[in-house]
Amino acid sequence: MARAMFEYTKTVLEKVSFNKELFKKELEKAVNRLLPYELKELYYWLTEFTVNKPELHVCLAVVKV
């Protein structure tokens with residue numbers, strides 16, 4: 001079940017990446033729901049996902065690894 005939540009979180013974040021505020025809100029929800037090791041994975045995924053999206057780089061601060 002936990003793995004499914006991680007994959008779902010990535011899908012949602014990809015879909016809302018057009019809006020910085022919405023992206024941040026969904027990211028905050030994810031931080032509250034995911035397990036600690038999944039947060040590390042999410043952080044690594046986010047760093048790669050936001051390489052070409054500089055407006056989303058500030059949202060990385062939400063995930064404290």
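Descriptive notes on the structure:
- Considering region 40-59, and only residues there that are open to solvent by 30 Å² or more (accessible area, probe 1.4 Å) and among the aliphatic types (A, V, I, L, M), the residue that is nearest to the chain's Cα centre (by Cα) turns out to be VAL58.
- Of the criteria (1) under 10 Å from the mean Cα position of the chain (by Cα); (2) surrounded by fewer than 16 Cβ atoms within 10 Å (Cβ to Cβ); (3) not charged (D, E, K, R), which one LEU22 fails: (1)
- Under the condition of being in a loop (DSSP other than H, G, I, E, B) and touching a helix residue (DSSP H, G or I) at 6+ places or on another chain (Cβ under 6 Å), the residues counted in region 42-65 number 3.
The values are calculated or read from the model by the stated rules, or taken from the named source; none is laboratory data. All of these numbers come straight from a predicted model, not from anything done at the bench. Here Cβ is always computed from backbone atoms with ideal geometry, including for glycine, and neighbour counts include all displayed protein chains. Ligands, DNA and RNA are excluded from the accessible area calculation, which covers all protein heavy atoms including side chains. Shrake-Rupley method; radii C 1.70, N 1.55, O 1.52, S 1.80 Å.
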